[in-house]
Structure formats: C-alpha cells, structure tokens
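The values are calculated or read from the model by the stated rules, or taken from the named source; none is laboratory data. Because the structure is predicted, anything quoted here is derived from the model rather than measured. Please note: Cβ atoms are built from the backbone with ideal geometry, for glycine as well, and neighbour counts cover all protein chains shown.
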Amino acid sequence: MAEGMSIIDSGPQVPGESHVENPSVVGVGFRADQFLPEQGQPVSLPLGPERGDLTDLHDSLVGALERPTIAIIPSRWSERAIRRLQTVQLVSGRPPMAYYVTSLPPLAGGVLTALAAALGTRIKHAGVLLAALPAVERELIWVTWLRRIARLAEPSPSFAQRLASLVPRRRFVVSSWPEPHLHAVRDRRKTPALPELLAQFQLAVAPNGGDPDWSRAVSAELAGVPTKQYEPTPLGASWWGTDQLVETVAYPIDVDALADHAASGVVAAGCRWCGERIASSACPFCGHALGPIRSEPPESEQEPRVGAAA
C-alpha cells in the first residue's frame with residue numbers, strides 16, 4: 001500500500017483479519033498482457049464454451065482461489081461468465097469470489113485487469129481493492145479505430161453515421177473521453193480531441209486488421225505518450241462488430257500514485273460473517289448483509305480525476 005494512503009475505516013476488528021493476503025485477480029475474456037513492469041500476473045480465462053471445459057477451468061483457478069479473489073468480467077457476457085465461475089467455486093469448495101462487471105472494451109478491460117493485479121500488491125484487502133476499481137477505470141482513456149460500423153453495438157451509430165459509412169474511405173473512431181462517442185474521421189483529423197494528461201501514462205495498441213500507424217495520431221494527441229504494441233485482443237472482433245480495427249488505451253503507470261488516488265475515498269468495514277474488509281452494505285464475497293456503511297460519499301470521491309485534465 002502506498003505511503004500516505006487514506007483508507008477511512010469503520011467498525012470493530014472481526015475474526016480472521018489478522019492475517020491478510022494479497023488478493024488474487026482473474027480476468028474473464030480479458031487478456032492481461034505485461035502492461036506494467038512489475039504488475040504480477042493475474043489469471044486470464046477465455047469465455048469459452050459453457051460446458052465441457054470445467055476441469056481445465058478448475059485447474060486454472062484453483063491456485064487463485066487460495067486467496068480472496070476478484071473476477072473482472074465484461075458486462076456483455078457477465079451472466080454466462082459468472083455462472084461458470086460459480087460452478088467451479090462450488091466444486092472446489094473454495095470461498096466465493098467477488099465479481100467486478102465492467103463495460104470497458106476488450107483492450108481497456110485487459111489493462112484494468114493488469115492494473116488491479118498491480119494494485120493488489122499495495123491494497124491488501126480484496127474488498128477495498130474491489131471498491132477502488134471504479135476510480136481506476138475512470139483513469140483509462142481508450143480510443144478505437146474501426147473500418148466498419150454496421151455491426152457496432154456500443155455506442156450505437158446514428159442513422160446519419162450509418163449512411164456516412166457507405167462513403168468510400170470513410171472511417172470511424174470511438175473514444176471514451178469525455179464519454180463514449182462515435183466519430184467519423186478523415187485524414188486531416190485522424191482522432192478526436194483528447195484530454196491533457198496530468199500524470200505519467202503509456203499507450204497500449206492492439207491492431208487487428210487495421211493500420212497500426214494510426215496509433216501515432218493518438219499518441220500525438222496525448223502529447224507524445226510512449227507507445228507499446230500488443231497482439232489483437234481475443235474479444236476485439238466480437239465486441240466491435242468488425243475484424244478490421246485498432247484498439248488503443250492510455251493508462252497511468254505510477255502504481256503507487258494510482259493506489260493512493262483510487263483507495264483514498266474508500267470507507268471500509270469488516271464483514272461480520274467472513275471477516276473481509278468491504279465498502280458496501282452487502283458483502284460481495286459471502287453475500288452477508290452488513291447494513292449501511294456510510295450515509296454519503298466522502299468529499300474526496302467528488303474531486304476530479306487526477307490522470308487527465310477536465
């Protein structure tokens with residue numbers, strides 16, 4: 001945990017809290033590449049078929065389940081993924097894991113999984129790490145280039161954009177800042193405006209049938225942030241509805257500063273049933289209802305993001 005981190009704690013100590021292990025992180029459908037020099041290695045699981053692979057799934061998970069575990073899951077396939085994970089957990093007899101369902105696209109979800117694993121070496125309580133993930137997610141800036149949008153689901157193209165897609169050489173970009181939006185782009189302006197970064201970032205690039213050189217425009221728009229290229233994401237074509245795309249994600253690389261920022265507003269209390277420190281009225285691990293932890297968020301949660309200028 002970073003020096004100076006402010007985690008507001010409430011409630012008495014409960015049995016089982018004296019020995020705290022670093023939480024395990026599992027990415028389902030998200031491939032967590034080596035996005036950080038010292039991130040640890042989260043478990044990456046494919047969505048896969050729902051039946052017939054439970055033995056392999058159990059073997060992949062059994063080590064992670066020795067510790068409190070957070071599974072990061074894409075929202076589009078969350079019911080399917082959680083059902084499979086619950087089956088493995090019941091068969092193995094391990095304690096339940098907590099689920100973090102995100103609407104991030106594939107490359108950004110992989111980066112979030114890697115950052116969560118890195119933060120798990122600083123934030124010792126899995127429940128506190130789980131509560132910190134929304135703040136981490138807000139620090140990510142993702143931009144994706146698309147050759148086609150006919151099968152794009154999120155964000156849904158307008159009628160005018162669908163007509164524009166019929167024009168030869170017309171290409172599109174989806175950006176997350178200030179909110180997810182689909183843009184038609186031309187050669188003279190290859191990417192929409194992006195925020196000014198206030199911390200040290202890196203740009204991950206995963207081309208899949210698209211032009212990887214397009215990422216230079218994203219890097220230039222972000223004041224020349226360093227770039228590293230990765231293999232295409234497993235869910236990229238399914239998520240974006242085309243097999244010709246380039247995913248990019250800018251993310252902070254100072255893990256200590258990110259841990260301090262993400263966890264500083266977390267109010268945690270011990271679950272009276274399983275002992276895990278949590279920041280919600282119902283324990284995300286065992287389901288026991290603790291009751292309200294706070295009546296309103298601390299002021300620190302109302303502050304703007306630290307990674308990018310508004």
| query | Is there a residue being over 30 Å from His125 (Cα atoms), of a type outside the set (Gly, Ala, Ser) and over 19 Å from the mean Cα position of the chain (by Cα) anywhere in the range 248-262? | reply | no
| task | Can you work out which of the residues in the range 219-245 that are touching a strand residue (DSSP E or B) at 6+ places or on another chain (Cβ under 9 Å) and hydrophobic (A, V, I, L, M, F, W, C) is farthest from Pro207 (Cα to Cα)? | result | Ala223
| request: State whether the residues of the range 221-231 include one that is touching a helix residue (DSSP H, G or I) at 6+ places or on another chain (Cβ under 8 Å) and assigned to a helix (DSSP H, G or I). | output: no
| task | Those residues that are among the small types (Gly, Ala, Ser) and part of a strand (DSSP E or B), I need them from the range 178-220; list them, please. | result | Ala184, Ala204, Ala206, Gly209
| query | How many residues are without any contact (Cβ under 8 Å) to a residue 60 or more places away in the chain and under 25 Å from Asp213 (Cβ atoms) if we restrict to the range 241-278? | reply | 1
| task | Only residues that are touching a Ser or Thr at 6+ places or on another chain (Cβ under 9 Å) and of a type in the set (S, T, N, Q): list them for the range 210-241, please. | result | Ser215, Ser219, Thr227, Gln229
| Do we have Arg169 as outside any strand (DSSP E or B) and closer than 22 Å to Glu221 by Cβ here? | yes
| task | Could you tell me whether any residue of the range 113-121 is assigned to a strand (DSSP E or B) and polar (S, T, N, Q)? | result | no
| task | Looking for whichever is in the same structural domain as Ala150 (by TED's automatic domain parsing), modelled with pLDDT under 95 and farther than 23 Å from Gln161 by Cα here; the options are Asp213, Asp187. Which one fits? | result | Asp213
| query | Where residues in the range 37-83 are exposed (fewer than 12 other Cβ atoms within 10 Å of the Cβ) and in a loop (DSSP other than H, G, I, E, B), which of them is modelled with the highest pLDDT? | reply | Pro37
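Results for (1) aromatic (Phe, Trp, Tyr); (2) under 20 Å from Tyr230 (Cβ atoms), shown as yes or no for each residue.
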residue: Arg162; (1), (2): no, no
residue: Trp177; (1), (2): yes, no
residue: His183; (1), (2): no, no
residue: Ala199; (1), (2): no, no
residue: Gln202; (1), (2): no, yes
| Pair list, Cβ < 8 Å and 6+ apart or interchain, from the range 71-83 residues that are farther than 10 Å from Ser103 by Cα and without any contact (Cβ under 8 Å) to a residue 24 or more places away in the chain to residues that are small (Gly, Ala, Ser) and crowded, with 17+ Cβ neighbours inside 10 Å | Ile82/Ala71
| note | The residue that is surrounded by the most Cβ atoms within 10 Å (Cβ to Cβ), considering only those in the range 121-136 that are among the small types (Gly, Ala, Ser) and within 12 Å of Leu258 (Cα to Cα), is Ala132
| field | Of residues in the range 129-163 being part of a helix (DSSP H, G or I) and touching a residue at least 40 places away in the same chain (Cβ under 8 Å), the one nearest to Glu21 (Cα to Cα) | value | Leu129
| message | Can you say whether Pro105 is farther than 28 Å from Cys274 by Cβ and more than 12 Å from the chain's Cα centre (by Cα), as far as the supplied structure shows? | response | no
| task | Report yes if Gly29 is outside the structural domain of Leu245 (by TED's automatic domain parsing), modelled with pLDDT under 75, in contact with a strand residue (DSSP E or B) (Cβ under 9 Å, 6 or more places away or on another chain) and surrounded by 15 or more Cβ atoms within 10 Å (Cβ to Cβ), otherwise no. | result | no
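Residues checked against (1) of a type in the set (Gly, Ala, Ser); (2) buried (at least 23 other Cβ atoms within 10 Å of the Cβ); (3) in a helix (DSSP H, G or I); (4) on the phi < 0 side of the Ramachandran plot:
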{"site": "Thr242", "(1), (2), (3), (4)": "no, no, no, yes"}
{"site": "Val246", "(1), (2), (3), (4)": "no, yes, no, yes"}
{"site": "Leu258", "(1), (2), (3), (4)": "no, yes, yes, yes"}
{"site": "Ala262", "(1), (2), (3), (4)": "yes, yes, yes, yes"}
{"site": "Arg272", "(1), (2), (3), (4)": "no, no, no, yes"}
{"site": "Gly275", "(1), (2), (3), (4)": "yes, no, no, no"}
{"site": "Cys286", "(1), (2), (3), (4)": "no, no, no, yes"}
| With respect to Trp77, is the statement that it is assigned by TED's automatic domain parsing to the domain that holds Ala204, farther than 18 Å from Phe201 by Cα and of a type in the set (A, V, I, L, M, F, W, C) true? | no
